[in-house]
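Engineer: Please see the structure below; I have some questions.
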Amino acid sequence: MELSSMLWRKSSHSNDSGANCVEVAASPNTVAIRDSKNPDGGVVALNRMEACALSALIKSI
């Protein structure tokens with residue numbers, strides 16, 4: 001997966017004060033998540049089923 005060519009979208013909950021800065025990019029098979037304050041840092045890459053499970057878990061909290 002070539003992350004540099006992916007279109008990253010910042011969460012609408014992100015703000016300029018540095019809190020809650022999350023970006024997500026998706027390809028047909030992968031959903032990638034990173035900290036928008038550190039785009040060259042680590043990336044969590046999930047397959048579509050894992051990403052859906054994570055999303056459902058977050059929404060249930």
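Engineer: How many residues does the range 36-61 hold that are open to solvent by less than 60 Å² (accessible area, probe 1.4 Å) and of a type in the set (Ser, Thr, Tyr)?
Structural biologist: Adding up the residues that qualify gives 2.
Engineer: Residues in the range 36-60 that are assigned to a strand (DSSP E or B) and hydrophobic (A, V, I, L, M, F, W, C): how many?
Structural biologist: 4
Engineer: With the requirement that a residue be modelled with pLDDT of 85 or more, assigned to a loop (DSSP other than H, G, I, E, B) and open to solvent by less than 80 Å² (accessible area, probe 1.4 Å), what does the range 1-35 give you?
Structural biologist: Answer for the range 1-35, where residues must be modelled with pLDDT of 85 or more, assigned to a loop (DSSP other than H, G, I, E, B) and open to solvent by less than 80 Å² (accessible area, probe 1.4 Å): 6, 8, 27.
The values are calculated or read from the model by the stated rules, or taken from the named source; none is laboratory data. Everything quoted here is computed from the prediction, not taken from an experiment. These area figures cover heavy atoms from the full protein model, side chains too; ligands, DNA and RNA do not enter into them. Shrake-Rupley method; radii C 1.70, N 1.55, O 1.52, S 1.80 Å.
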